[in-house]
Amino acid sequence: MAISAVFSSCGTAPVTPAEELLASLGSAVESGKIMYGHQDDLMYGHSWRLGSDASSYVRSDVKDVCGMYPAVYGLDLGGIELGDERNLDHNLFEQMRASAIAHYERGGVVTFSWHPRNPLTGGDSWDVSSKEVVASVLEGGSVHELFMEWLSRAADYLESFRTSDGQAVPIIFRPWHEHTGSWFWWGRDLCTVEQYVALWKMTYDYMAVERGLDNIVWSYSPGAGGVTEEIYMERWPGDRMVDMIGVDCYQYGSSQQYADELRNALDIMVKVGRKRKKLLALTETGYEGIPDASWWTGVLYPAIKDYPLAYVLTWRNACDMEGHFYAPWPGQVSAEDFRAFADMEKIVMIR
């Protein structure tokens, strides 16, 4: 059954960079288009990494396969909280900013996730050894002041994305994602509903209200596994603090299992999006190693084509982890099928 809906973020003419982006995405959805995105696309690929001379930011596994760039460029803030030179995937923050601006000037969309370190234990985002981490960063918590410094560094960085003429680059920001699972320190079994909502509100109030960042589109992005509408909405921070809704869904088993899980999540999102007037996206997806030669047109496209999605983003092509890739490169078994996917009228790429 085809599903058609237009989700408008606001009833007035856009006045901020974030509102302009939302209006543009809404227009694309209304016309039945879905943008394709790829994580870290311009920073590295299956067998290469960006060098020091990268002013034009033209290398891309996706472009090498189909002659076009992804419309959406995903990056991650992990490491910015520590003041590091590189993020958790070894990308230079300066190059990430420059490549994101270049992508925006080509007509693309930029989105950031954030995998911050564990501020209580010193571990990484996946350190779930303590259930007190979220409580510790909230007001009155033992590392609240430290965490506010982390938020300040993240805000400084997102605020710095400007074109040569000073125009702010709009960014889709996905903090505290996949919280319906329990593999991050902010996950479902690691904090209460009230604590998670307080964490989101503290993040939003600092960046959007206190700092006044008007280039951020706020994206709420649970995981797809076992999700129901109740679970999806259990930790909803409030309509005021969410602009888009998404879901992260990967194929681990059969194609049918993946399609069923994804469609279940998308059906939920359509109901939520219609009720709360929010845009929809498949914020992370993919099949690691893409062993299925027809996965793009035979599995992914049939699963998403009838849904009003602003974009679908596949995860990164690691250059330092054998088999950890989610987009093809020339010669990869699904490359020909990806070219057919990218050429579909409904799919938006950048030439």
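Things worth noting here:
- Matching entry among Gly51, Gly32 (being over 13 Å from Met349 (Cα atoms), free of Cβ contacts under 8 Å to residues at least 12 places away in the same chain and surrounded by fewer than 19 Cβ atoms within 10 Å (Cβ to Cβ)): Gly51
- Residues in the stretch 250-302 that are in a helix (DSSP H, G or I) and in contact (Cβ under 8 Å) with a residue 60 or more places away in the chain were compared, and the one that is nearest to Trp114 (Cα to Cα) is Gly273.
- Selection status of Ala71, among the hydrophobic types (A, V, I, L, M, F, W, C), surrounded by 20 or more Cβ atoms within 10 Å (Cβ to Cβ) and touching a residue at least 12 places away in the same chain (Cβ under 8 Å): yes
- Test: residue in the stretch 206-227 that is β-branched (Val, Ile, Thr) and farther than 20 Å from Leu22 by Cα: yes
- Lone qualifier among Ser152, Ser164, Ser113, Ser160 - being of a type in the set (Gly, Ala, Ser) and within 24 Å of Glu234 (Cα to Cα): Ser113
- Near pairs, Cβ below 7 angstrom, 6+ apart or cross-chain, from the stretch 139-164 (in contact (Cβ under 8 Å) with a residue 24 or more places away in the chain and closer than 17 Å to Met207 by Cα) to any residue that is surrounded by 14 or more Cβ atoms within 10 Å (Cβ to Cβ) and acidic (Asp, Glu): Trp150/Glu81; Arg153/Glu81; Ala154/Glu81
- The stretch 74-92, residues that are crowded, with 18+ Cβ neighbours inside 10 Å and either more than 23 Å from Gly51 (Cβ to Cβ) or in contact with a Lys or Arg (Cβ under 6 Å, 6 or more places away or on another chain) (or both): Ile80, Glu81
- Spans of helices (runs of 4 or more DSSP H) in the stretch 82-199 with at least 2 residues closer than 28 Å to Tyr311 by Cα and not β-branched (Val, Ile, Thr): 93-105, 144-159
- Among the residues of the stretch 117-126, not a single one is among the aliphatic types (A, V, I, L, M), touching a helix residue (DSSP H, G or I) at 6+ places or on another chain (Cβ under 9 Å), closer than 29 Å to Gly26 by Cβ and in contact (Cβ under 8 Å) with a residue 12 or more places away in the chain.
- Answer from Leu151, Leu138, Leu120, Leu190 - the residue that is over 22 Å from Asn87 (Cβ atoms), touching a Ser or Thr at 6+ places or on another chain (Cβ under 9 Å) and not basic (Lys, Arg): Leu190
- For the stretch 283-301, the condition holds for at least one residue, the condition being that it is under 24 Å from Asn91 (Cβ atoms), surrounded by fewer than 16 Cβ atoms within 10 Å (Cβ to Cβ) and either in contact with a Leu (Cβ under 6 Å, 6 or more places away or on another chain) or not aliphatic (A, V, I, L, M) (or both).
- Some residue of the stretch 220-241 being touching a residue at least 12 places away in the same chain (Cβ under 8 Å), surrounded by 17 or more Cβ atoms within 10 Å (Cβ to Cβ) and out of contact with any helix residue (DSSP H, G or I) (no Cβ under 9 Å at 6 or more places or on another chain): yes
- Residue tally, condition closer than 23 Å to Leu262 by Cβ, part of a loop (DSSP other than H, G, I, E, B) and not aliphatic (A, V, I, L, M), over the stretch 309-339: 10
- Some residue of the stretch 93-114 being over 20 Å from Pro170 (Cβ atoms), surrounded by fewer than 21 Cβ atoms within 10 Å (Cβ to Cβ) and in contact with a Gly (Cβ under 9 Å, 6 or more places away or on another chain): no
- Residue selected from the stretch 103-128 under the condition aliphatic (A, V, I, L, M) and in contact with a strand residue (DSSP E or B) (Cβ under 9 Å, 6 or more places away or on another chain), by the criterion nearest to Trp183 (Cα to Cα): Val110
- Residue satisfying all of: in the stretch 47-69; in a loop (DSSP other than H, G, I, E, B) and charged (D, E, K, R); farthest from Arg316 (Cα to Cα) among these: Asp53
- Failed criterion for Met321 (all others in (1) surrounded by fewer than 19 Cβ atoms within 10 Å (Cβ to Cβ); (2) aliphatic (A, V, I, L, M); (3) within 16 Å of Asp248 (Cβ to Cβ) hold): (3)
Any read-out appearing in this document is the output of simple, stated calculations on the displayed coordinates, not a laboratory observation. This one's a predicted model, so the numbers in the text were calculated from it and none came from an experiment. Please note: Cβ atoms are built from the backbone with ideal geometry, for glycine as well, and neighbour counts cover all protein chains shown.
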